[in-house]
Amino acid sequence: MFKAGVMMNLKEVTRVLQETFNKELTEGKKRHIVFWYDEEGEFIDDIDALDLQNIRVWKLTESNLFAAKYELEKKDPESHFLIYANMSKPSPREDWLLDIYKYSVEFATDKITVIMRDLGVTNDSLRPVFKKYAKFFNNKDRYALFKSYSIHEYTDAVIDIAVLSALCKSPLNNLDEVIKVLFRELNQENKKAWEDIQKFGEEESFWMLVEKHYSYTLEDRSIQGLFVFFTLTNMSTTLEAPLPVTWTKYVSTRPTNCIVLMNQYMNNKKDRPEYNKVAKTIENTVKVSGYMDEWEINNYLKTDAFSIFDEKIIDYISSQLNNDIHQYDAYLEMIGERRTLHWYPEFKHEYESLIHAIYLLKKAYELDYFIRQQSPFEMFKAYSENYYKIDTAYRKFYSAYDKLQNKDRLLLIKEKIENIYTNWYTDELSIKWSDTIVDELNEYWAIPGIEQQYEFYKTTIQPYVNKGERVFVIISDALRYEAAIELSDRLNKERKGSAKVTPMQGVMPSYTDLGMASLLPYQHLSYQGRQVTIGGIKASNTENRNSILQKRISDSAAIQYKELNELNRQELRAALSGKKVVYIYHNSIDARGDHAATEREVFSAVEQSFQEIQSLVNDLVNSVSASNIIITADHGFIYHRNPLEASDKVVKSIDDAIIQKRRFVLTDSPVNLEGTMQFSLKYLFPAEEKYAIVPRGSNRFSVQGAGANYVHGGATLQEIVIPVIKFKNDRSKSGKNEVKKVTIKLTSISRKITNMITYLDFFQSEKVEDKKRPLRLKAYFVDKEGKRISNENIILADSISSKPEERTLKEKFVFKNITYSKSNKYFLILEDEEEAVENVYEKIPFTIDIAISNDFGF
């Protein structure tokens, strides 16, 4: 109607009064009677100047109260009256005109009354609380925010909270939000919200509300003390051990409101960094570390108030692994418990390092030793079906470990992993493999029953050509078999189509020029000096490979990935238009691994290759409608992180060698050198005498210069088991190859909540596999207006188990201590964070019937 804090002038008074008297009479009234108590006498000299039409003005005094009553009720019961009184409004017990006042209207010009009238507050008993906040209301911005809360029913507490909310500039009128704003300020030098509460609000009212709502009764009236109270209260409900005596006063007697607030504050993306800073300070203040030895690891496995709990769990698992305590499944379960808790993102790389260390050590423990297989075929199959998993675990351990800012905590486990991988797995496996093949394959390298790299075009590509189908071949330099398994899994989970990996035996020696040449169509391979040629064309660059391809099939092309990646969609279509066979050369792994300065980055290069190849597959499918995509490599590699010892190197002395590398020497004649094996290359070069000399096991030839940790060219399984991923895109309407997330179902039968702390059961309907991706949901309860009334749980449905009982999840819900109506509907919200638009996975109605007494007055 008009702004608070601005006294009405005579013209405004006249206008408002006239509008009041002109209002339609309701509820059987025959006239308007308006009381105006002008205690300060601000309009005593102007009352006679009011120009009111058809209105009688009666000046009320202490001596004419009876006369006024007689005039209104007996002498003139028909006229409209303005009762003006230059006095304070009497109390109801002393008001002679109370019966008339009850069916009349009060008019006032003081700012508090104006505000109350503007807000629609008719209960005059609330005048003291509005008057208490006169300084607050004397500001149009604060008043506008207060008014924006659209309060329907006013009480003292409601007004107190709305004032606090406005002073904190909260968009929500909620005491929880006020507390969150004050907690955010703990890390700031400027405590503006708290200072505004002290200046324009009432600090005592704030602490009374905090006591009523959260049971905070401590003498410490500071926001930091309140934060300690909330944090220890929240922690007390998950710590399965007695709290230290000195902490007990900081635990609420009615904890649920504290738990819900802290859960929301800790897990809010914007607030979690602020929480983390203050929590670290509080952790030191209450000396959590001093009590850790009193608790077992399981006592705080589900507790996430402080980062020290994660630090201790990581230290515990690391110590157990270092001490060869083989409870691997138990360690994985421990980490599984932490994945949905607050501090996991901050310790993600530590946990991921441990997970892959556990996988490696568990597999090593199960294998114990490598049995010499009866044939190269059986050992090749054993690697391609089982042993390769250790290489994957080693790679992924370092991929996570290298991201750690502080590696000291996992330094011992890193040394253990390195020792087992290098001195047991790689060395023993390569020696057993060498023993198996040294006599079997020295004259003819190819293993019967295994697909051969040198026959790749004939066995893999030619069938597509024969059927008139277009095929794209992505050759990723040094994409070894174990990595291709992961890439294939990613493709299966990303696209509607099928990807399947087949191992093939790579050529010997396993280096780029020979591997790349063997993948092309040819009748004969030859060496011209150090260069591999096909039909007299050197096969060492893309332009020449393009010529070789086009000699076999005119509608073909060879192109570099980097060149292709720079094309837009239209240019890509033009470049590949009409091509039946396209070879695309990709090089991220070998490009970094083959240089001493970057060989430590080889595992991050593997991850980069995954992303680039996935993106390339998407482009080929979406831009040129590719249906058949083959992904393979020229060779694999072996890599160890620690510097090699002298014993890991073979001193070579071979005269007249054609090529000399760390893992092989190419010669024109047989050479018997201690610690080596030699293999005839007649299988590739029937018209030439060529021999590959390679170290036994995983040793390197002694070569000048740095860069001996990443190598290839030899005969180890990691170098010569080559992947062939056959990806078939599916454009049909069938849902067979459609990628979907697993489903989650609430399996608890009852849809009624009867306890402040309630457990609900959920079931992951399918296991995670090729076309079934994991599902991550937020779960929380809201009222009919969408306001949250419970804590938030993270449900991770990522089990790969076929056993239904292992896909059952139980979640704990804590409800706010407020009044619930049995007749209202409340909702369990399951929210999929990955979905940008429709992120509500399911909305399940509940009734809440909790027998509590809510005496908070909210």
Filter region 772-809 for residues that are basic (K, R) and touching a strand residue (DSSP E or B) at 6+ places or on another chain (Cβ under 8 Å); the one that is nearest to L172 (Cα to Cα) is R788
Scanning region 353-382 for residues that are in contact (Cβ under 8 Å) with a residue 60 or more places away in the chain and under 29 Å from G336 (Cα atoms) gives S353, A357, L360, A364
Exercise. In this structure, does L172 turn out to be among the hydrophobic types (A, V, I, L, M, F, W, C) and without any contact (Cβ under 8 Å) to a residue 24 or more places away in the chain?
Worked result: yes
inquiry  = I'd like to know if region 431-449 contains one or more residues that are acidic (D, E) and free of Cβ contacts under 8 Å to residues at least 40 places away in the same chain.
reply    = yes
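Residue-wise test of (1) more than 30 Å from E440 (Cβ to Cβ); (2) open to solvent by less than 60 Å² (accessible area, probe 1.4 Å); (3) touching a helix residue (DSSP H, G or I) at 6+ places or on another chain (Cβ under 6 Å).
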| site | (1), (2), (3) |
| --- | --- |
| F377 | no, no, no |
| I390 | no, yes, yes |
| A393 | no, yes, yes |
| F397 | yes, yes, yes |
| A400 | yes, yes, yes |
Condition set at pLDDT 85 or above and in a loop (DSSP other than H, G, I, E, B), scope region 1-27, selection most open to solvent (accessible area, probe 1.4 Å): answer is E24
Using the structure shown, decide if A657 is open to solvent by 70 Å² or more (accessible area, probe 1.4 Å), small (G, A, S) and not in a strand (DSSP E or B).
no
Modelled with pLDDT under 95, open to solvent by less than 60 Å² (accessible area, probe 1.4 Å), part of a helix (DSSP H, G or I) and of a type in the set (A, V, I, L, M, F, W, C): is that true of A591 in this structure? yes
Practice item. Report whether or not R56 is in contact with a strand residue (DSSP E or B) (Cβ under 8 Å, 6 or more places away or on another chain), over 21 Å from V121 (Cα atoms) and outside any loop (DSSP other than H, G, I, E, B). Key: yes
Review point. D304: part of a helix (DSSP H, G or I) and either without any contact (Cβ under 8 Å) to a residue 40 or more places away in the chain or of a type in the set (D, E) (or both), yes or no?
Key: no
Of the candidates I100, I112, the one satisfying the condition of being of a type in the set (A, V, I, L, M, F, W, C), assigned to a helix (DSSP H, G or I), open to solvent by less than 50 Å² (accessible area, probe 1.4 Å) and touching a Phe, Trp or Tyr at 6+ places or on another chain (Cβ under 6 Å) is I112
**Prompt:** Looking at D477, is it surrounded by fewer than 18 Cβ atoms within 10 Å (Cβ to Cβ) and either touching a residue at least 12 places away in the same chain (Cβ under 8 Å) or β-branched (V, I, T) (or both)?
**Reply:** no
By residue number, the members of region 339-373 that are of a type in the set (V, I, T) and open to solvent by less than 20 Å² (accessible area, probe 1.4 Å) are I358
Checked region 744-759 for anything surrounded by 15 or more Cβ atoms within 10 Å (Cβ to Cβ) and under 23 Å from the mean Cα position of the chain (by Cα); matches are I744, L746
Reported set for region 487-534 where residues are farther than 30 Å from D770 by Cα, open to solvent by less than 10 Å² (accessible area, probe 1.4 Å), of a type in the set (S, T, N, Q) and in contact (Cβ under 8 Å) with a residue 24 or more places away in the chain is S510, S518
Next on the checklist: Condition first: closer than 20 Å to I725 by Cα, in contact (Cβ under 8 Å) with a residue 12 or more places away in the chain and assigned to a strand (DSSP E or B). Can you find one or more residues in region 561-582 that meet it?
Outcome noted: yes
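The values are calculated or read from the model by the stated rules, or taken from the named source; none is laboratory data. Just so you know, these numbers come straight off a predicted model, no measurement behind them. A quick note on method: Cβ atoms are made from the backbone with ideal geometry, for glycine too, and the neighbour counts reach across all protein chains shown. We work out accessible area using only protein heavy atoms, side chains counted, and drop any ligands, DNA or RNA first. Shrake-Rupley method; radii C 1.70, N 1.55, O 1.52, S 1.80 Å.
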